[in-house]
1. Cβ-Cβ distance below 9 Å, separation of 6 or more or different chains: which pairs start in the stretch 377-403 with a residue that is at positive phi and end on one that is part of a loop (DSSP other than H, G, I, E, B)?
2. Quick one: would you say residue 306 is assigned by TED's automatic domain parsing to the domain that holds residue 412, in contact with a strand residue (DSSP E or B) (Cβ under 6 Å, 6 or more places away or on another chain) and surrounded by 14 or more Cβ atoms within 10 Å (Cβ to Cβ)?
3. What's the number of the condition residue 198 fails, among (1) out of contact with any helix residue (DSSP H, G or I) (no Cβ under 6 Å at 6 or more places or on another chain); (2) surrounded by fewer than 15 Cβ atoms within 10 Å (Cβ to Cβ); (3) modelled with pLDDT of 80 or more?
4. Answer yes or no as to whether residue 293 is touching a residue at least 12 places away in the same chain (Cβ under 8 Å) and either part of a loop (DSSP other than H, G, I, E, B) or not assigned by TED's automatic domain parsing to the domain that holds residue 437 (or both).
5. For the stretch 325-337: of the residues being surrounded by fewer than 17 Cβ atoms within 10 Å (Cβ to Cβ) and in contact (Cβ under 8 Å) with a residue 12 or more places away in the chain, which is farthest from the chain's Cα centre (by Cα)?
6. Please tell me if residue 317 is under 20 Å from residue 263 (Cβ atoms), surrounded by 18 or more Cβ atoms within 10 Å (Cβ to Cβ) and more than 25 Å from the chain's Cα centre (by Cα).
7. Condition test on residue 304, is it over 24 Å from the mean Cα position of the chain (by Cα), in contact (Cβ under 8 Å) with a residue 24 or more places away in the chain, under 14 Å from residue 385 (Cα atoms) and not in a helix (DSSP H, G or I)?
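The values are calculated or read from the model by the stated rules, or taken from the named source; none is laboratory data. This is a predicted model, so every value here is computed, not measured. For neighbour counting, all protein chains shown are included, and Cβ atoms are generated from backbone atoms with ideal geometry for every residue, glycine included.
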């Protein structure tokens, strides 16, 4: 018996999916566990395996097309099986869902319109009397304006034609003398028309007296391929652009971050950290654990996790009617990919070594760029770290990744003069900026967290001791 394969919901925020690739075609045998298609979600492009056996009888969403969650993706059944009744039944169901949605939208629009019409009716009545009193005079004025505009247009046209005619009737001797001086002889109207069309007037063959270029010469001018190319290149201010379809990931990024920015009242706290001890500690650790390595970013994640345990209010989530204080520490790490941004999660980061954190970050980054991340990899973060230091960015502010209460923006390490023990020496510092949701975190709480983080980064041995 034929079975419907529906568009799966592959993430908690997914509303529709795009078929990036079909790995089976109509008529192919499909076994449970076979790779059926690749689905682009709002988070990543994921492989979708079949949970049924059968022959692929119907493809409901072509490659590159999108469809809502739960709509028909494909139909599997026995070879030659009639699926017309199944398709018809699904079509009616989809139609009813669409009608229900449209009715709901129409109802909302009607209520909105009624509310607006009540507000506008009083003003409409108020304006009516004023409009009636001005109507007669306005109509007369409009009539006079139209007549005046017509006369002005006719006068302008006659003037241009007369100017052209008068110019053409000038003495041929004068024209020939001008031509012999090497100047381009053309009527004013012809010059203006050539300029508007982007035509090089010197390429036009004149048909007037003495080879004079007139209006019809410009209108009939057909440039050669060489001339057309040169003329096109010489047009000043020429604009060009390309367009691309917005991916599901980019749509979701835009939606979620816009909601965050305009819903959560952001405030920002910036602190400069002395990185000398962190850099020397990293070097010593890497020498001790070869061939493994840790990065400054791994140290940042570990320090953030330790600071969150000391300042649990920052490790919270805004849930609308309540605030959740998370006892576990799951750090989201922003990773840039071609389509946008993914935030895989280091779970229980406070319980992991920097070496383990490094292994997970490297693994997640590889999966993100090869589109192999699974929903479990990016869900459940309680705090997010965004590091642009590798791009030379010294300082920036990040938008909170909901439902987190905070996100930390990490800048690059800068070599600069610093004062140590009363002496000016060469030092290395790093700026970090904490973006906070004021509904959850107050300034004092955020500041205490930053000071704890600073203490761990400037004294890395404390992270190893605790």
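1. 380/328; 380/330; 380/347
2. Values: assigned by TED's automatic domain parsing to the domain that holds residue 412: yes; in contact with a strand residue (DSSP E or B) (Cβ under 6 Å, 6 or more places away or on another chain): no; surrounded by 14 or more Cβ atoms within 10 Å (Cβ to Cβ): yes.
It is false that residue 306 is assigned by TED's automatic domain parsing to the domain that holds residue 412, in contact with a strand residue (DSSP E or B) (Cβ under 6 Å, 6 or more places away or on another chain) and surrounded by 14 or more Cβ atoms within 10 Å (Cβ to Cβ).
3. (1)
4. yes
5. Ranking the qualifying residues of the stretch 325-337, first place goes to 327.
6. So residue 317 passes the test.
7. Considered against the rule, which asks whether it is over 24 Å from the mean Cα position of the chain (by Cα), in contact (Cβ under 8 Å) with a residue 24 or more places away in the chain, under 14 Å from residue 385 (Cα atoms) and not in a helix (DSSP H, G or I), residue 304 comes out as no.
Yes or no, residue by residue, for (1) outside any loop (DSSP other than H, G, I, E, B); (2) surrounded by fewer than 16 Cβ atoms within 10 Å (Cβ to Cβ); (3) within 22 Å of the chain's Cα centre (by Cα):
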| site | (1), (2), (3) |
| --- | --- |
| 386 | yes, no, yes |
| 394 | no, yes, no |
| 399 | no, no, yes |
| 411 | yes, no, no |
| 434 | yes, no, no |
| 462 | yes, yes, no |
